[in-house]
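The values are calculated or read from the model by the stated rules, or taken from the named source; none is laboratory data. Please read all numbers here as calculations on a predicted model, not as lab measurements. Cβ placement follows ideal geometry from the backbone for every residue including glycine, while neighbour counts extend to all protein chains displayed. Surface accessibility is based on the protein's heavy atoms, side chains included, excluding ligands, DNA and RNA. Shrake-Rupley method; radii C 1.70, N 1.55, O 1.52, S 1.80 Å.
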Amino acid sequence: GGDRTDTLSLELDAPYLPSSIKARGAIAVRAPDQLRMIMLGPGGTTAMDLWMKADRFRFSIPSLAREISGDSKTPAEQKRGLPVDFLRAFMLDPLGGRMLAASKSGRELRVLLRERDGKISDLTLLDGKALKLHRAWFNEAGELYEEEWIEASGFGCATATYRQKTTQLHVTAHCEKSRPTLNEAALVEPSPEGFRVTFLDD
């Protein structure tokens, strides 16, 4: 809960990328429903820019000339390759939804969750810190059409890896530091003309 800004570095790799993307930047979070992430690549160019508020989002990857805006009604196929749902779930509401089952074995706690959008999450907490998460996406007919995997050294400022089945997207993120404040400008919805606004360090 509360406001925070995390400084992080990440690497994205996927078959549809011309090469792996390495970037460093910041993510500003205001629980429970606002987020802004700007990542800079070589030479300080914008590698990725994401804004979220409630179920609305704007996402831009300039190197791929990809920019999309939408909300909870945006079809999943239009968001393929852009980890919008993952970031919303992991950064804003990592344990959201309704608990279906839980079990404990030694230091391992396993929880099965049904998220608000119908996805099923299988979460394992190790020693109350490290975690493993598998998310399964089902269509209205109950058919499995997407899967995601996350492994992290903990919640909040941690090291995490993410994989998506259909796109073969692989992301590794390292949180370098975290502070309990944010720049209010980060949360202002960007216009298409002025989308890439920097708010990284004071």
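Quick look at the numbers
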quantity	calculated
Long-range neighbours under 9 Å by Cβ, at least six apart or interchain, first residue within 30 Å of Asp55 (Cβ to Cβ) within region 101-117, second acidic (Asp, Glu) and not in a loop (DSSP other than H, G, I, E, B)	Arg110/Asp122; Val111/Asp122; Leu112/Asp122; Leu113/Asp122; Asp117/Asp85
Index of the failed condition, Gln78 passing every other in (1) at pLDDT 90 or above; (2) open to solvent by 80 Å² or more (accessible area, probe 1.4 Å); (3) among the polar types (S, T, N, Q)	(1)
Residues of region 37-64 classified as open to solvent by 30 Å² or more (accessible area, probe 1.4 Å) and not in a strand (DSSP E or B), total	9
Pro15 vs. criteria closer than 20 Å to Ala152 by Cβ, open to solvent by 60 Å² or more (accessible area, probe 1.4 Å) and out of contact with any Lys or Arg (no Cβ under 8 Å at 6 or more places or on another chain)	no
Among residues of region 89-121, those that are of a type in the set (S, T, N, Q) and within 24 Å of Gln34 (Cα to Cα), counted	1
Unmet criterion (only one of (1) more than 17 Å from the chain's Cα centre (by Cα); (2) over 26 Å from Arg4 (Cβ atoms); (3) part of a strand (DSSP E or B); (4) not aromatic (Phe, Trp, Tyr)) for Glu147	(1)
Residue match in region 16-25 (condition: out of contact with any strand residue (DSSP E or B) (no Cβ under 7 Å at 6 or more places or on another chain) and at positive phi)	no
Qualifying residue in region 80-98 (condition: assigned to a strand (DSSP E or B) and more than 14 Å from the chain's Cα centre (by Cα))	yes
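Conditions (1) of a type outside the set (A, V, I, L, M); (2) under 22 Å from Leu8 (Cβ atoms); (3) open to solvent by less than 60 Å² (accessible area, probe 1.4 Å); (4) at pLDDT below 90, marked per residue:
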{"residue": "Arg66", "(1), (2), (3), (4)": "yes, yes, no, yes"}
{"residue": "Asp85", "(1), (2), (3), (4)": "yes, yes, yes, yes"}
{"residue": "Val111", "(1), (2), (3), (4)": "no, no, yes, no"}
{"residue": "Leu131", "(1), (2), (3), (4)": "no, yes, yes, no"}
{"residue": "His134", "(1), (2), (3), (4)": "yes, no, yes, no"}
{"residue": "Phe138", "(1), (2), (3), (4)": "yes, no, no, yes"}
{"residue": "Leu169", "(1), (2), (3), (4)": "no, yes, yes, yes"}
{"residue": "Pro180", "(1), (2), (3), (4)": "yes, yes, no, no"}
